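Colleague: I have a structure here, written as structure tokens, and I will follow up with some questions on it.
Read the figures in this text as sums done on the coordinates, not as results from a lab. Keep in mind that this is a model prediction, so the values were computed, not measured. Here Cβ is always computed from backbone atoms with ideal geometry, including for glycine, and neighbour counts include all displayed protein chains.
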Amino acid sequence: MILDDLDRLPLVVSHGDALPRNMLRREQEHVLEVDWAQLGYNTVGSDLASLYLYSSTEIDNLVRAYVDGLAGAQQIDGRLVRYATIRVAALIAVLRASRAVAAEHGIDGYIGRLIRAELLLAEVSR
């Protein structure tokens, strides 16, 4: 069901590896993204989902900044971005945690991200 929902959402240009280590703060309000090796098109909110799980930034702050950043190029409703971000984050958290458990490697870090996504997972199930 989540995958069907995501298939119906718009595709946007995506960094593909939106992790804090690839986001360099240049000035107070400007962030420079590096390591564009996984550039492509992905479901709106996909980059935000990774960034949310691997940072301490709250989801609503990420969504607001993302929608503001799109303003000149594409108009996408913030509610749609949040909807997509929550679902992608839930998938990432569950899949990576289960992979870590199966591999018996890096379990604590992935379980920590799963716990961080707990509120999002509850929201997805509504």
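Colleague: List the relative contact order of the stretch 53-126 as a percent without decimals, with contacts defined as Cα pairs under 8 Å and 6+ residues apart.
Modeller: 33
Colleague: Between Leu95 and Ser56, what is the spin-label point distance in nm, taking each point 7 Å from the Cα along the Cα→C-beta axis?
Modeller: Going by the 7 Å Cα→Cβ label model, 2.9 nm.
Colleague: What ranking do Arg8, Arg64 get, fewest neighbouring Cβ atoms within 10 angstrom at the top?
Modeller: Final ranking by Cβ density, sparse to dense: Arg8, Arg64.
Colleague: Taking R0 as 25 Å, what's the FRET efficiency between Asp7 and Arg79 from their Cβ-Cβ distance, rounded to 0.05?
Modeller: Computed FRET efficiency for Asp7 and Arg79: 0.85.
Colleague: Along the principal axes of its C-alpha atoms, what lengths does the stretch 2-124 span, in descending order and rounded to whole Å?
Modeller: Reported extents, whole Å, longest axis first: 44, 34, 25.
Colleague: Mind putting a number on the dipole of the stretch 2-124 about its Cα centre? Charges go on the C-beta only, +1 for Lys and Arg and -1 for Asp and Glu, and I need it in Debye to the nearest 20.
Modeller: Dipole of the stretch 2-124, to the nearest 20 debye: 100 debye.
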